[in-house]
Each structure stands twice: as structure tokens, then as C-alpha cells.
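For reference, the structure is listed below as C-alpha cells.
The values are calculated or read from the model by the stated rules, or taken from the named source; none is laboratory data. What you are looking at is a predicted structure, and each value in this text was computed from that prediction instead of being measured. In this analysis, Cβ positions are derived from the backbone assuming ideal geometry, glycine residues included, and neighbour counts consider all displayed protein chains. Areas reflect the complete protein model, heavy atoms only, side chains present, ligands, DNA and RNA absent. Shrake-Rupley method; radii C 1.70, N 1.55, O 1.52, S 1.80 Å.
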Amino acid sequence: MDEYLVQVLSNIGMISFLALSAYILLITGEISFGQQAFFAIGAYASGIATAMWGWGFWPGLVWGAAAAGAAAFLLAWPTLRMRGLFFAIGTLAFAEMVRLIFEIFRYQVEIDGELVGPNGSEGFRGIRYIFEQDISAFHYMLLIYAVLAGVLALLFVIERTRLGAIWRMLGEDELLAETEGVNRTYYKVLATVVAGAVAGIGGALYAHMNTYLEPKIFNVMLGVHSLAYGLIGGLGTAFGPLIGVGIDIGLLESARIFSGYRMIVFGGLVALLLIFRPRGLLDEAAVHALVAWWRNTFSSPAKRSGGSGRPPERPGA
Amino acid sequence: MIVDFVQNTLDGIFVGSSYSLLAIGFTLIFGVMRRLNLSYGPSIMLGTFAGTLLFVEFEAGLLAVAAATLAGAVLAGVYVERVCFWAIRRGAALASMVSSFAIWMQLEEIVTVVFPDRTYPFPPLADFALEPGPFFVRGDHLVMFACAAAITVLLHLLLYRTRFGLALRAVSRNPAAAAFVGINTGLVLFSAFALASAIGGVAGYLIAAADQQITPFFGLWATFKGLIAMTLGGMGSIPGAIAGGLLLGIIEAHSGWYLGTEYRDLSAYAVLFAFLVFRPGGLFAQRQTLRSQLAARRV
Amino acid sequence: MLEVERVSRSFGGVAALTDVSLEVGAGEVVGLIGPNGSGKSTLLNVITGISPAERGVVRFDGRDVTSLRPDRTAALGLTRTFQTPRVLHRMTVLENLSAALFAGSPKVRRLRKADRERLNGLLEECGLGRRVDELASKLTLPEQRRLELVRTLVSDPKLILLDEPAGGMTPAETEGMARLIAEVAARGRTCIVIEHKIDMISSLCERICVLDFGRVIADGTTREVLEDEAVLDAYLGRRDIA
Amino acid sequence: MSETLLKVSDVATAYGAIEALKGVSLSAADGEITCLLGPNGAGKTTLMMTIAGILKPRRGSITLRGEEVAGRAPRHIVERGIALVPENRLVFPDMTVEENLRAGAFSRDDAAEIGRDVEAMFTRFPRLRERSAQNAGTLSGGEQQMLAISRALMARPKLLLMDEPSLGLAPLIVEDIFRIIRELNAEGTTIFLVEQNAHMALRIANHFYLIEQGRVVFDGTPGEVEEEEIIKRAYLGTEV
């Protein structure tokens, strides 16, 4: 496989975690400008674990996700009372604080006569686990997609069960959800933590692919992009944000047709979509129509009356 | 010690007056629309590049540069208004905000395509300094402060002494009620946006003239400084914007001096976050208006 | 079952409820009437905890629920509909119900076949059987109101508060709604119904409570109340002037 | 019978999938008080908002002295001479009383005349003069209603739309409001009134319409039909 293609696909995969992270909050009705902070925390935490503490890759990944989730848990409380625009600004302030803290965060140890570890704005060099284990870029890409598939599977399960229904309910009508018995605090905090952990996984993968972290890449532009992906691809399904990532990185950045003008196209695209499809290409209505079409086309009448959809006719009822 | 403290506070106030100017335009838009225009800084940035174009290419004079900066900012602002606010239905505040971010990226890329270098020179306005006693005050800072004060007074007169001001306040309070007394709400919103962009243009000109150079990052800087100052003062409040800008300037000056420059922005964001948590209404939280609003709409 | 004791609530200095007391026994269906702005919906908001009482006590099933948040009162078995129907427009009719089921019963983790059949059955009974997979945004007003009514039943509540369940409905639709509520009541559920349509109230409720300017001006059997001249005066604004 | 001032024909207005007006036709005669009765949710306020141009009708026509105004912007409609006293008054709470009045004259250009009209409003409502420099949000409910009425009058309307002017007001103040309505009418302003205080409304109205579920179901002059019957039907949902 072409090296460039591998790199592009790996980027798409890693940024997808960030997009999914923003998506989780979007379906609960919150716009966060700060998911890149958890991406950064996941990246730094897992990098420290493998490069400095000698941990393996998987424990490092879990640790990165856990650290990001824990940070999200801490952020969730003060932001609970912020609504709408205030939440957006609050998360933005938080993320910038995290980035600026990494700009001054120094924690280095000497390994084989070389200083390793985060060195403020100089960045964090030498996260070399993947190279030391001789994992090829292609294999690492497969690994990224395996983890992404796992996270997606988890999200699909969530969406089909209690948690997803309640998140969407909160996202559409908080007051109704509460009068129906939803503990807003619990579910909002949970959403923030899950979103943080998902971003953290992406960050951990990013750290090990790049081997080098620089605080300034975790700026608000990254966060806003991840937010825009869900809004482009659609909020009706977890595939939506992935489509958004694919359109931006896959088409605009990598195809090089728009090189130099990418942001002009991307910005215009987002602005237009917000006017004509404010909840993205695959919004709830589109997903609903697709599901109905699928059911009518591919499912036998016997099956249709069974598990997945229409009720059995009950003449007596 | 005392001298340092006073000098820092002075520096903070002077730099803060430019934040105040940025925040006034920001808050004006928020006040009438109840929506955030993140593209505010980038539109101003586009204006300053229009100014620098005249300066670099044609060696234009101060007035021409200022006029071009203002015109550029207003044009860009009007474009943002049409795409992100007018075209998106009422009430979709978050959609407008995200859309304004998308347009931000557009404006920034347009500027970097036309102006590929990192920085461009900008003509200075008042290249002198005063040294009263042990203190030091830059002339361009004085001009900035004077302009901020003048614009505040003019804006106050406009809002409270003219028909346009009456219409603007009516629309910002209740667009439907403003419509049925005969106000052209669309036109008022549009004009408010243009006005805010013009104020932003003045701010952009003064800041660029003080720095004597500009970069495309000026957009990000202006949006964030304006946003923080506005939020500290209370979104939608003009006195709040002024106080918020000065407060931000003072916080930055002191934290930069006592903690080190790397803590300057960090302190500003920390204070912003603390305000959002403990005092989301800003310095001048408007409890009174909330009450009268509720009283007017009996259950 | 429900005791409201001398409850007061004001908004920005304007009293919306003053010393309101109301008792509802198990199995009762009580009509709550009064002119616009008399505080009926506010009373429901106070009971469910959306805007808690400033003075007075609300007890439900013997428990003090005065300052409980709405999700806690819901967990205790209180459920309601809204004057302007609140349905989840981005979800289908069935998803609206399953969301309510999840919200109201913490033990249900996912929708099993039995749950789905139960929800379908409920929808069938109220005439929404054909609309199960329709997006709720496509429903007409009477359909939205019926969906809200079914939703209150999903989590097996003890007390159902209905806020103008027949508002904006034609006489035929109103009759249909009255029949549905009567069926619900016939199964022994306790209900409080806010409604302007006296025919409907008098056919449904044995008891009526009348609010005017945030105070209870009458509370008694339907017949007593409807024959009370003072009630009609208040209700129709006949306070003679001119 | 005098000439028709306002004519509404087959107007339908919807909020998303919910149709609030399903083809309403009615008219208001010049110089008269026309009253619209009906239960909550029947579409009364929707009709007022549609006539005032805040809501756009899906179909139908609204004419003022033969001139089509349906679907026009609210400011055009005010300029043609229709002013609205909205439900819940909706005065501008953080503007002074005088500023509220001046806002009401936004459709006019004659500064001197506007000043005279402000003076006239103060003469009609001395309470407002006392509070002219106070923020409208600090007024009592009754005072706010007077302000909302005078704000609408500042547009010098031919037709005054009044949506529930007595809502939430104490009986004595309601009495005042109705007296004012009569006075205004006697001075030549045509009035189209939505009111739940049906007895009082019927007492001053020349003609009434009853609407239910977005349709006019009944109309007549108050003398023709037993008052009790109209009211019971309008507010209690019983059949006539």
C-alpha cells in the first residue's frame, strides 16, 4: 500500500475518535469547543507511560483513555450549570488552559543517556514504542481501525439501548427528560466522561504514530474541526462524524485538488450545510428514512412483523 | 515595588482599552442577536490586511489606510452576517456560532493565499511616549485609550438619543414586539452588524498601528480577547465590555509580570473559566432585567 | 395520595399561586379548571418539581416531595403531559415511548421483544398503531396529545397529571380523548385533569377544583361546583361591571 | 351597516405539522368593535399574529379596505394602519415609558406630531405621565396594559387588534380597560378584540365570531343569541 495513502487513512482513523467524541456531546445537546484537550491528555499520558515508565502499548492506551476520562469527569462538574453558548465558551477556556499547561509542563527522565519526556513548548519527543517493536505503518493503521471498530461497536450498542435513548432525549428536550425521570446530572457527566475517554484513545494512538507531541497542535482549531465533522456528516448516527472526517481529510486535504484553498472550501461547505441541513447529511430524519427503506427492501414480511419493526397485527386489540 | 505595580496596572489599562474596543463590537452583536460571531476577529483581520495592502503597495497615507481597514472589516462583517446569521433561522444560536467559525477559516485562508508572508508592516500612528515621573506611557496607547472612551460615548449617544438606537434596543429585547410596532428588524440587525464591524475596524487599526505589523493570527487573537473581555463583563452589556476589557488587560499585565509571560494567557483563561462557573452574568450581572422580564410575562 | 398544603409560588414578585391546598385520594379523577393565567399549569409545575413551591408542602404517597427535582418525583410515580405537547420530534413514535420507558424504569437496559409488544399494544389502543414508525414531528396535534397520554402510562405511574389533554381538538377528537382518559381512570389510576371543556370534565371527574388568580375558589363534587354561581362568574369573567 | 375595514378570507397558518388555522374567514366593519371568542388553543392568538404579519399564512387573503396585506412584513402592515396590542402586553421592559411610546410611532416620520401624540397619551393615561421616565418593566400589570395600548395607538391605527387585554388583571382594572376600549371606539378606531372575559366583551361588541380548532363555527350580533349559550359554547366546550 502506498505510504501516503496509509498516512492519510491513519489520520482519518485517529481524527475520527475526536469527531466521535464531539458527536457524543452533540447528541446530548451540548456543543464543546474543547474535546482536543482530552485528545492531548490521552496523547501525553500514554506517551509518558510507554516512553518513560516502560509500559506496554495497550496498558498505555487504556491509561491514556482513563486519564482523559478522569479529566473530563473533573470538567463535567463545573460545566454542568453552563448551557448552550456558555458551555461552548467554558469548554474552550478549559481546553486552552490545558494546552497552555502543556506549554509549561516539564517532566523528563534520562533514558540511555538521553532526556525523554514532555519539555514545555519544546514538545515531547521520543515516543518510540511502535518503532522499537518494529510495527509497520500499515500494521499500525490496521490497529487504529481495529480500535475504531471497537469504539464504534460500543457506540452502536449504546445507541440501541437505554443510555443512547436517554442521551438523545436529553439532547432534544431536557425538561421532558427530567419529568420522565432522567437524572440529568448523572447522564450529562457520563456523556462527558465517555466523550473524554474516546478522545483520549485517539490521542494515545496519535502520540504513538507521530512519536512527537507539540502542545500547539492541540489548539482550538482542532476542536472546532472535530465538531464540524459531526455537523457535516450528520448527527443521526455515529457514521455521520466519520463521513465528515472522510470528506475533510480524505477529499479536501489529501486529494490536493484544493491545496491552498482547502479551508475556503471546507468553511463554505460547513456554512452551507448549516443553512440547509443544520444537523448534517445523515440527520435523524435521513437515518430514519434509510432504515425504513432498508426494512422494506430487504426484510421478508415474516421477519418484519417480528423483532425489528412493525407490530404484529392484533385484530382483537 | 509600588512603581512596578502601578506601571503594570497602567499598561494593563492601556492594553485593556483595545480589548474593550474589541469587546464592544462583540457585545453589540451578541446583544441584538443573542448569538456569538466568532468570525468577528477574522473580519477585522481582513480589514487590517486591506489597510496594509494600501500601505505596502501604494504607500498610502494614514487616513487612507484607516479607511481601508474600516471598509475591509465592514465588508467582511456584512458577508458573515449574510451567511451565518441572516441565512440561519432565528433561535439557532449554536448553528450560527459554528457557521461563523467555518467562515473564520475561510477568511483566514483567503488572507494567507493573498498574503503568503508571515508578517506585514503596518504604519504607526503615534510614535511618541510620555514619561510622567517614574512611569512610562506609549503615545499609541494613549490614542487607543482616547478612542475607546470616545467610541463609548458616541455609542451611548447613538443608543439612547437616536431613533436607530431605540430600534436597536427594541429589537435586542424582543424582535417580535419590535416588528409589530413597525421596526424593520432585518435592517436593524444588519446595521448593528455593520456598526459592530466598523468599531472592530477602528480597534483593529489602532492595535495594528501600535504593533506596527500584522499577521493572519490577528483574527484568532482578536476573537479570543474580545470574547474573554465580553464574557468577563457580561455578554450583551456595553459597560460590561469596557470593564471586562480593562480587567483582562490588568490581569494579563500583572500575571505576566509576577508569574512570567507563559502564565499570562493561562491566567486569563482561568479567570474566564471561574467567571463562567461562579458569575456567568459577568461583572454587571443583570438581575433586575430578568425580574422585569418575568413580570412582563405572567406564567 | 397527593396532598398540596397551603402552597405559594410567585414569579418576579407576581404571585402565581397563593395558599393553594388540594387533596387527591387514590383512584380519584379530579378536574382542575380556571380561567387563563389562574395558575393551573403552575400548580402542576409545583407538584412535579419543575418550579418548586416557595411556601407550603407537597406530599405524595405520604412523602414530602416539595423540593424534589422532577426526575425524583417521576421516580416516585408522578407523570404528566404538557399544555403545548412535548414530544421528541427527531425520534419515531415508538422511540418516544421507549425513551420514556428507559427514563422511568432504571432496570430496563434495552428494549426486549416483550417491551416492544407492550408499547405497540399501548399505541394500538389509543389509535396510533399505524404511526409506530413515523417520526413524531409528522404527527398532528391530536396525535401528539395522544402520544403524550400513552407516554404517561409507560412507566406505570401512580398519579397522572394531564394539562389540557383536549386543547385545540374538535368535538369528535375531544370525545375520543375523553374515552381514552376514562379507560385509563377505569384501571384505577389517579388523575388530575386541567381542561376548559366542561362537558369533558363533567363526564370524567367526580370532583372539580377551581382556581382563580392563584387561589382555590371552589373544590367539591362536579355537580356542586358547576352549579356554583360564583364559579361560573369567575370562570366566565362575569364579575359584573358596567 | 358600515363598510368592511378588515376582511380575512380562508386563512390557514401552521406551526410545522400542526395547523392552527384551517381556513378562517371573517370581517370587521369600519368603526365597530368586533370580538373573537373561543377556547384555548382555538387559534385566536395565531389569527392575531397572522393579521399583524408576525406569522405568515400558508394560504388565504387578508385585506384592509380592499388592499391585500397577507404575508407582508409587519412594518408594512403597521404602516397600512393595523396595530397590535399583543397578548401578555410585551412592552419593552428596559426602556422607559416614553421610549416605549416613541417606539410605537416607528412607522411614522412626523417628529412634531409624534411629540404631540405622546402628550395626548399622557393626558389620556395620567399614570403613564407620572412614570414617563421609569422603565416599563417596573410598571404594574395594569399600567403595562395601558402602555401597550397607547404604544399601539402611537401608530395612529385605523384598526386596533387587541389580544386578551384583560388577561391576568384585577377586576377594577379590567373595568378601566373596557372603558378605554369603548372610548377609543367612540373616537373612531375600529377594534378587533380577542377576549376571554366574554360577558364584558359581548356587552361592548357590535359583532362576534366564535372559533374552534382553527375554524369559525358561529357568528352573529350579541343581541341575536342568548349570551349564556354563546359563552358556554365558547369557553366550556358545550354544544349550542
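Some values worked out for this structure:
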read-out: One residue from A:Ala95, A:Ala19, A:Ala37, A:Ala70 being open to solvent by 40 Å² or more (accessible area, probe 1.4 Å), modelled with pLDDT of 95 or more and closer than 30 Å to B:Thr231 by Cα; value: A:Ala70
read-out: From the options D:Leu169, D:Leu193, residue that is among the aliphatic types (A, V, I, L, M), facing chain C (nearest Cβ under 10 Å), outside any helix (DSSP H, G or I) and open to solvent by less than 60 Å² (accessible area, probe 1.4 Å); value: D:Leu169
read-out: Which numbered condition C:Leu32 misses (of (1) away from chain D (no Cβ under 14 Å); (2) of a type in the set (A, V, I, L, M, F, W, C); (3) open to solvent by less than 30 Å² (accessible area, probe 1.4 Å)); value: (1)
read-out: Elements of type helices (runs of 4 or more DSSP H) in segment A:110-192, at least 2 residues being more than 10 Å from chain C (Cβ to nearest Cβ) and open to solvent by less than 60 Å² (accessible area, probe 1.4 Å); value: A:129-132, A:137-160
read-out: Failed condition for B:Trp257, given (1) surrounded by fewer than 24 Cβ atoms within 10 Å (Cβ to Cβ); (2) closer than 24 Å to B:Leu168 by Cα; value: (2)
read-out: Top-ranked residue in segment A:258-290 [being closer than 29 Å to A:Glu172 by Cβ and of a type in the set (D, E, K, R); ranked as nearest to the other protein chains (Cβ to nearest Cβ)]; value: A:Glu284
read-out: Qualifying positions in segment C:200-214 - away from chain D (no Cβ under 13 Å) and in contact with an Asp or Glu (Cβ under 8 Å, 6 or more places away or on another chain); value: C:Glu206, C:Arg207, C:Cys209
read-out: One residue from B:Ala179, B:Ala93, B:Ala196 being under 25 Å from A:Gly84 (Cα atoms), at pLDDT 90 or above and in contact with a Gly (Cβ under 8 Å, 6 or more places away or on another chain); value: B:Ala196
read-out: Test: residue in segment A:248-256 that is of a type in the set (A, V, I, L, M), away from chain B (no Cβ under 14 Å) and either within 15 Å of the chain's Cα centre (by Cα) or crowded, with 18+ Cβ neighbours inside 10 Å (or both); value: yes
read-out: Some residue of segment D:142-155 being more than 19 Å from D:Met49 (Cα to Cα), among the polar types (S, T, N, Q), within 13 Å of another protein chain (Cβ to nearest Cβ) and buried (at least 23 other Cβ atoms within 10 Å of the Cβ); value: yes
read-out: Conditions (1) closer than 20 Å to C:Cys205 by Cα; (2) open to solvent by 10 Å² or more (accessible area, probe 1.4 Å); (3) modelled with pLDDT under 90; number of the one not met by C:Gly13; value: (1)
read-out: Residues of segment C:157-180 satisfying the condition of being free of Cβ contacts under 8 Å to residues at least 60 places away in the same chain and under 15 Å from the mean Cα position of the chain (by Cα); value: C:Ala166, C:Met177, C:Ala178, C:Leu180
read-out: Some residue of segment C:199-214 being surrounded by fewer than 21 Cβ atoms within 10 Å (Cβ to Cβ), part of a loop (DSSP other than H, G, I, E, B) and touching a strand residue (DSSP E or B) at 6+ places or on another chain (Cβ under 7 Å); value: yes
read-out: Verdict on B:Ala146 being modelled with pLDDT of 90 or more, open to solvent by 40 Å² or more (accessible area, probe 1.4 Å), in a helix (DSSP H, G or I) and of a type in the set (Gly, Ala, Ser); value: yes
read-out: Unique residue being open to solvent by less than 50 Å² (accessible area, probe 1.4 Å) and more than 22 Å from A:Leu148 (Cβ to Cβ) when the list is A:Leu273, A:Leu227, A:Leu222; value: A:Leu273
read-out: Matching residues, segment D:58-73, being within 14 Å of chain B (Cβ to nearest Cβ) and open to solvent by less than 20 Å² (accessible area, probe 1.4 Å); value: D:Val69
